[in-house]
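Undergrad: Before we start, here is the structure in question, set down as structure tokens.
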Amino acid sequence: MSTPLLEVEDLTTTFSTAKGALTAVDGIDFAVAEGETVCIVGESGSGKTVATESVTRIVKEPPGRVEGSVRFKGRDLLEMSEPELREIRGYEIAHIFQNPQEAMNHCYTVGWQIVEALQIHRDVADETARAKAIDLMDRVGIANASSRFDDYPHEFSGGQKQRVMIAMALVGDPDLLIADEPTTALDVTVQAQILRLLEDLQAEFDMGILFVTHDLGVVAEIADRIVVMYAGNVMERGDVLDIFERPAHPYTQRLLNCLPEIGGRKGGIPGTLPDPLDPPDGCRFAPRCEHAVDACVTGDQPAEIEVNPGQRASCVHYRPGRDDSVVRDGIPDADADGEGVSSADD
């Protein structure tokens, strides 16, 4: 990987609740290079969204508290003042949120909202901003952009609203785009169009993309590298081909078995995510893992171990002196007739 555009180290996000401290993200690391797409995957509730919102500190503080190091172009975002952050947030680093229906203000026209996003960061005249907004709408594939500038959000389909959100994200020609489940509510045809659009825009702007999803089918299409999260921890990381062809962690293997073409026939990953207020000792996935041994349920989350060049897994079975075939034999087999699992979003 080239010099990271974004480098996150020991990121921890906790929330104060009436029942005690809730750790949503527990000391994770990841990086994104220019022009690279890194996908954070895992079941709903694994901490993916909180992790990405912690990067630009849009997590409400308090009750949230974000600690660690988040270096963007060499500067630590966690050490910046709020005015300094506002210069970067939405401009050099842009977000696309999961639900455009809720992210847009239905009292204002779509064009006005794009113009507002532009003028927050740039001192441009109204006519210039309008022309830029129309150009962005056209570039993200909204037909008759000039005539649709004054339409309201309710006059757009779900896919068109997502395109508008992408246009708003591009107003500052961002270096990093954080996309949180941007295709979840869309049908497969529109989903493919949005993914293709993001790929084209990435090539045009040379953006790094941090993409959050539970859909491994999407990951297979767009990712360069994958970070697998579970219960606020990183279970595995590596290049997309390594993860899909040689998944090392039992949790990753189970997630891949969710894909229908691999093994998703019936049932699901047994058990549920642990209580973030009272997580288990040892590996967070141990209570649901068929390969768990005594060493898996003591101490902290196991340190990541390199299992293949550039691929690391947080699993005790890869420690020196242990027989890693116990977990390697669990690699998904598209021809296997064994027990299948269902969607990772179950």
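Undergrad: Starting from one equal scatterer on each C-alpha and no solvent at all, send me the Debye-based log10 I(q)/I(0) for the range 170-231 at q = 0.12, 0.14, 0.27 Å⁻¹, two decimals.
TA: -0.30, -0.40, -1.35
Undergrad: Could I ask something else about it? Compute the FRET efficiency between Ala203 and Arg328 as 1/(1 + (r/R0)^6), taking r as their Cβ-Cβ distance and R0 = 25 Å, and round to the nearest 0.05.
TA: So, using R0 = 25 Å, E works out to roughly 0.10.
Undergrad: Mind checking which lysines have their C-alpha under 30 Å from Lys19, skipping anything on the same chain fewer than 8 residues away?
TA: Result set, ordered by chain and number: Lys48, Lys60.
Undergrad: Let me ask you something else. Given q = 0.17, 0.28 Å⁻¹, what are the Debye log10 I(q)/I(0) values for the range 104-171, with equal point scatterers placed on the Cα positions and solvent ignored?
TA: For the range 104-171 at q = 0.17, 0.28 Å⁻¹, log10 I(q)/I(0) is -0.49, -1.38.
Undergrad: Among 23-34, 135-146, how do they line up by average Cβ neighbours within 10 Å per residue, starting with the highest? Present the calculation step by step, with values, prior to reporting the outcome.
TA: Details: 23-34: 20.7, 135-146: 17.2.
So the order, starting with the most tightly packed, is 23-34, 135-146.
Undergrad: Let me ask you something else. More than 36 Å apart: what percent of Cα pairs in the chain qualify?
TA: Values: 13769 of 59685 pairs.
Value for the chain: 23 percent of Cα pairs lie more than 36 Å apart.
Undergrad: Can I ask one more? Taking the mean number of other Cβ atoms within 10 Å as a proxy for protection, how do you rank 79-89, 153-163 from highest to lowest?
TA: Numbers: 79-89: 13.1, 153-163: 18.0.
Averaged packing, sorted descending, gives the order 153-163, 79-89.
Undergrad: Using +1 on the beta carbon of Lys and Arg, -1 on that of Asp and Glu, and nothing else charged, what's the dipole of the range 109-264 about the Cα centre, debye to 20?
TA: Details: 12 positive and 26 negative charges, 62 e Å.
My answer is approximately 300 debye.
Undergrad: Please list the non-local residues whose amide H lies under 5 Å from the amide H of Val307, H modeled 1.01 Å from N, same-chain partners needing a gap of 5 or more.
TA: The list, which skips near neighbours in sequence, is Arg312, Ala313.
Undergrad: Per DSSP H run of n ≥ 4, the term is -39500 (n - 2.57); total these for the chain, divide by its residue number, and report the mean residue ellipticity at 222 nm rounded to 500 deg cm²/dmol. Numbers along the way, then the final one.
TA: Numbers: 12 runs with 103 residues, N = 346.
Value at 222 nm, helices only: -8000 deg cm²/dmol.
Undergrad: Moving to a separate point now. Please figure out what share of the DSSP beta bridges in the chain is antiparallel and state it in percent, rounded to the nearest 5.
TA: On the way: 32 of 51 bridges.
Bridges in the chain that DSSP calls antiparallel: roughly 65 percent.
Undergrad: HN-Hα J couplings of the range 120-135 from phi, Karplus 6.51/-1.76/1.60, θ = phi - 60°, integer Hz, Gly and Pro as x?
TA: In residue order, the calculated couplings are 4, 9, 10, 8, 10, 5, 4, 5, 5, 5, 5, 4, 5, 5, 5, 4 Hz.
Undergrad: Please list 4-12, 230-238, 198-206, 305-313 highest first by mean number of surrounding beta-carbon atoms within 10 Å per residue. Mind showing how you got there, number by number?
TA: Numbers: 4-12: 19.1, 230-238: 26.7, 198-206: 14.7, 305-313: 16.9.
Result, highest mean first: 230-238, 4-12, 305-313, 198-206.
Undergrad: Turning to a different aspect of this structure: Could I have the simple spin-label model distance between Thr17 and Glu61, label points 7 Å from Cα toward Cβ, reported in nm to one decimal?
TA: Taking the simple label geometry, Thr17 and Glu61 are separated by 2.1 nm.
Undergrad: Calculate the length of the line joining the C-alpha centroid of the range 39-58 to that of the range 138-215, in whole Å.
TA: 19
A short reminder: the numbers here are calculations on the coordinates, not readings from a lab. Predicted model only: the values in this text are computed from it and were never measured. Because the Cβ atoms are built from the backbone with ideal geometry, glycine has one as well, and the counts that use them run over all protein chains shown.
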